[in-house]
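Taking it in order: structure first as structure tokens, then the write-up.
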Amino acid sequence: MHELHYVGRRMQRPDALAKATGAAQYTADLVVHRRDVLHAKALYPPYGHAKILRIDTSKAAALPGVAIVMTADDLPGENGYGGMIHDKPVIAKDEVFYEGDPVALVAAEDLKTAEKAVSLIEVEYEPLESYDSPADMLCEDAPVLHREYPIPRKGNISDEVLIRKGDVKTAFEDADVVVDNWYKTPMLDHAYLEPDCALAEPDPVQGGITIYSPQHAVQLAKKALCGAFNMPQSKIRVISQVVGGGFGGKEDSTFDASVVAGVLAIKTGRPVFYELTRDEVFKNTGKRHAAAIHHRLAADKEGNILGIEVDSIIDKGAWKSIDAIPSRTAQYAGSVYRIDNALTHSWSVFTDHPYGCAFRGLGCPQATFAVESQMDELAEKLGIDPIDLRMKNLLRPGDTTIWGQEMLEERGLGIAECLTRVREAIGWDKPLTPSEDPNVRRGKGVACYMYGTGTGYITDGAHCFVQAQPDGSLNIGISSNELGQGFLIAMRQIAADTFGVPIEKVYLDFSDSAASVEAGATVASRTTEFLGNAVMNGCNVLRERFLPVAAQMLGAKKEDLDVDNGFVFDTTDEAKRVPYASVISKAFAMQIPLACVGSWYPPKAYADENGQGVKMHTYAFAAQAAIVSVNVKTGEVAVDDTVLAVDVGHAINPDTVEGQMHGGMAQAIGWSLMEEEFMKDGKMRNHTFHDYLIPTAMDLPKLRTIIVEHPNSLGPYGAKGIGEPPIVGAAPAIHNAIRNAVGVSINELPMTPVRVLDALRKARAEQ
């Protein structure tokens, strides 16, 4: 194997300058100077739950400049779409189940006319009771929200997952200490800067349609939309422009804009552009699932965890579409610990809220907040240092998780190193310098965790086109997308080193369904591992085709040849070499195919009726520590310092890895201390950035990172996924630091000044 020139190096993202200078083309930029495009608007209900008694669109249709007004009766195909289950209505017909269900669509010559037309549509509603509480909707006597549904289900349960291991009853009976608490985490907006939008262009020649929109998965979009368009997937082309933030939301939410633009374009035969306002993004699009978690933990007096019993109630919102969170919350309820007895139960429950969708971490942040907060309370009760307690119970090679999966060192098991290095970096064993303000108390906290990269036991794999050009350059066609995570440069690094050409000769054709094969969505921290392996496979297949040609040209044995830096050479006599481009040109003349499909599938995952099995093929491991200052007079919490260590297997590009770590940590501080969406009577009450707060640079400390590398035998050059693990650990680390500072636990996120003060008052009252 030749020397690696690119993998492991710090290299600049190719999209960085274009984004920084404004040269990058986002979806909305495509229509700025076009005069042939119709502009769309949707009419949304003023209620979270209501019957539609009457719709009168006559005034809107008569408005000059209006091309079409659509209700459910005018749709070209089925009234349903979605990522996996086509349950979300394109246009509500008889009933709306949350305030993001459109009741009518308009397309007009300009946006102002479309907005005016929407205001002229008359709708008579019968308001119905709205259901805000997942726990109430879980009760047997609760009213059933969706009486007709595409898949069988029990009551209002969207999904239900159970993990059972060992004898939990006996574990709790034998315990010296039991820690028993409820934890709550809020519904969150993705708060990406680019609103959901889509441009739909009909194809007058073949009768198809092209959708331009920011997407996590262009191939998945075709599957999600084909029924609503009444069109085979082969006639739908999806192109994702540069994406202005996704965080999981644009795996699903962008379908909402795409389907509106698409059906209007099909009906009018003209290009249609639809962009949600920020208010509509808040009210209508998918969110991080709110969760209520009852966590019970049993241990002996030496600090050995004997068992856990956990119930997680998840707010699914109005529609299912994609729903993988119950499996994740159940799975991560035991975190990274060796636990022989476990019973974890998760329910995803329909309400009249915005639908829960993918959001960075997908269930792991909620579950980890609970279990890692529990670990600190257990440490306090036993008089054991919190890090020592964690080290005592960590999973080691050969141990099994609560879902029965054996931990393998060759897959990268770096949790102990992560925890050790965080301990050193934060100065865990040194006393904190007291604040000069007498009202401020300082404290430190820690959390550790694991995150499965990939989509679990959902059938998954990745494919790509790899084509060698006669000049020795490479084109790689990938349906996955660059969301800011740096996969463009990572794939080029992998391809250049595998194929043996300079990186400037590798070009990616990405996120166009017509120029790629199914690669899976850019979600679940899977892209580097899955696509990286597919790219390696494709490059190796082509190498094997070309090396016999080179052997003939050099008069050498094929097995003695290698490729490096654009040359094929004889490893036994490096003076014998030939430019790679000459070999490929010769192969072309010999009618040897210059293109192939690279593929990779992970080992199959499975789970039995007790949730026991192999849920993920690879796990990232991480630890995070935080130092906080808490003002006991105002309740304000400031994060003074935080450090995150992540076992990434092998960092393909350390710069992009650290970028993901910084972004995840910043986002996590937001949901720890300030971010929360308020729902009442099925309506969102804080749907602007004036009253939905996200952290600014002024709210963040220096974000310190540590890259830990325990190579993953399944990953390309040992790599693991990195996109999601960085968001998981901050909330419990900050929670534990607050507890260390002021002696009280705030078990509901965000840990706002009001909640801190309430906890302090309650503690004083109980003294």
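Here, each number is a calculation from the coordinates, and none is a lab measurement. These numbers were taken from a predicted model, which means no experiment stands behind them. Cβ: placed from backbone, ideal geometry, glycine included. Neighbour counts: every protein chain shown.
Go through region 607-613 residue by residue and turn each phi into a ³J(HN,Hα) via Karplus (6.51, -1.76, 1.60, θ = phi - 60°); whole Hz please, and just put x for glycine and proline.
Working through the residues one at a time gives 8, 8, 5, 9, x, 8, x Hz.
Just order 585-597, 532-544 by mean Cβ neighbour count inside 10 Å, highest at the front, would you?
532-544, 585-597
Which distance in nm do the two modelled labels at Gln12 and Asp471 give, with both placed 7 Å along the Cα-to-Cβ direction?
If labels sit at Gln12 and Asp471, their model points lie 2.2 nm apart.
For Glu3 and Gln233, what does the FRET efficiency come to when R0 = 56 Å and r is the distance between their Cβ atoms, rounded to the nearest 0.05?
Details: r = 43 Å, r/R0 = 0.77.
After rounding to 0.05, the efficiency reads 0.80.
Residues in region 131-161 near a label at Asp94, defined as backbone nitrogen under 11 Å from the 7 Å Cα→Cβ point?
Answer for region 131-161: 147-148.
Among Leu138, Pro725, Gln767, pick out the residue whose Cα is farthest towards the positive end of the charge dipole of the chain, where Lys and Arg carry +1 and Asp and Glu carry -1 on C-beta, about the Cα centre.
Pro725
Evaluate E = 1/(1 + (r/R0)^6) for Asn540 and Ala514, where r is the Cβ-Cβ distance and R0 equals 22 Å; express this FRET efficiency to the nearest 0.05. It would help to have the intermediate numbers written out before the result.
On the way: r = 26 Å, r/R0 = 1.17.
Efficiency for this residue pair is about 0.30.
Describe numerically, in nm with one decimal, the distance between label points set 7 Å from Cα along Cα→Cβ at Glu129 and at Ile157.
Result: 2.2 nm between the two label points.
In region 618-639, whose amide N lies under 20 Å from the spot 7 Å out along Cα-to-Cβ of Ser435? List them in ranges.
Only 625-639 pass the distance filter.
List every DSSP H helix in the chain whose Cα atoms extend 27 Å or more along the helix's own long axis and whose mean Kyte-Doolittle hydropathy is at least 0.0. Mind dumping the intermediate values first?
Numbers: long enough: 527-554 (38 Å, 0.40); 654-673 (29 Å, -0.15).
Correct list, ordered by number: 527-554.
Once amide H atoms are placed 1.01 Å from N in the peptide plane, what residues at a sequence separation of 5 or more from Glu748, or on another chain, have their amide H within under 5 Å of its amide H?
Result for Glu748 returns Lys184.
May I ask you to derive the FRET efficiency for Gln552 and Thr420 from their Cβ-Cβ distance with R0 = 56 Å, giving the value to the nearest 0.05? Please list the in-between numbers first.
Details: r = 54 Å, r/R0 = 0.97.
Approximately 0.55, to the nearest 0.05.
How big is the dipole moment of the chain about its Cα centre under a simple scheme where the beta carbon of each Lys and Arg is +1, that of each Asp and Glu is -1, and everything else is neutral? Debye, nearest 20, please.
Rounded to the nearest 20 debye, it is 1020 debye.
Of Met698, Leu547, Ala42, whose Cα points farthest to the positive end of the dipole of the chain (charges on the beta-carbon: +1 Lys, Arg; -1 Asp, Glu; origin at the Cα centre)?
Result: Leu547.
Compute the length gained on full extension between Lys381 and Thr696: take 0.36 nm times their separation in residues and subtract their Cα-Cα distance, giving the result in nm to one decimal. Each step should come with its number before you reach the end.
Details: separation 315, 0.36 × 315 = 113.40 nm, distance 3.68 nm.
Result: 109.7 nm gained on full extension.
With +1 on each Lys and Arg Cβ and -1 on each Asp and Glu Cβ, and nothing else charged, work out how big the dipole of region 461-600 is about its Cα centre, in Debye to the nearest 20.
On the way: 10 positive and 16 negative charges, 49 e Å.
The calculation lands at about 240 debye.
Of the options Pro750, Val648, Asn610, report the single residue whose Cα projects farthest towards the positive end of the charge dipole of the chain (beta-carbon charges: Lys, Arg +1; Asp, Glu -1).
Result: Val648, furthest along the dipole toward the positive end.
Hey, what number do you get for the chain at 222 nm if only DSSP H runs of n ≥ 4 count, each worth -39500 (n - 2.57), divided across all residues, to the nearest 500? Intermediate results must be reported in sequence, preceding the final value.
On the way: 18 runs with 210 residues, N = 767.
Value at 222 nm, helices only: -8500 deg cm²/dmol.
If packing is taken as the average count of other Cβ atoms within 10 Å, what order do 264-275, 545-556, 660-671 fall into, highest mean first?
On the way: 264-275: 21.9, 545-556: 17.9, 660-671: 23.6.
Answer by packing, highest mean first, reads 660-671, 264-275, 545-556.
Which of the lysines could be linked to Lys267 by a straight reach, that is with a Cα gap under 22 Å, when you skip same-chain ones fewer than 8 residues away?
Lys41, Lys59, Lys88, Lys93, Lys112, Lys116, Lys222, Lys223, Lys235
Check which residues have an amide H placed less than 5 Å from Asp564's amide H, if you skip close sequence neighbours.
Residues meeting the amide H criterion: Phe569.
Would you kindly state how much longer the chain becomes between Ala575 and Thr688 on full extension, computed as 0.36 nm times their sequence separation minus their alpha carbon distance, in nm to one decimal?
34.0 nm
Take the alpha-carbon centre of region 54-85, take the same for region 702-722, and report the distance between them in whole Å.
If you average the Cα positions of each part, the centres end up 49 Å apart.
For a protection proxy built on the mean count of beta-carbon atoms within 10 angstrom, sort 559-569, 299-309, 412-422 highest first, please. Walk me through the intermediate numbers first.
Values: 559-569: 18.2, 299-309: 20.4, 412-422: 23.1.
Descending mean neighbour count gives 412-422, 299-309, 559-569.
Of the listed values (i) 1.21; (ii) 0.91; (iii) 0.99, grab the one calculated as Cα Rg over 2.2 N^0.38 Å from the structure here.
Correct label, based on the coordinates given: (iii).
Could you sort out which of Lys19/Lys586; Lys287/Lys615; Lys165/Lys250 sit more than 30 Å apart by Cα distance in this structure? Please list the in-between numbers first.
Numbers: Lys19/Lys586 40 Å; Lys287/Lys615 24 Å; Lys165/Lys250 36 Å.
Pairs exceeding the cut-off: Lys19/Lys586; Lys165/Lys250.
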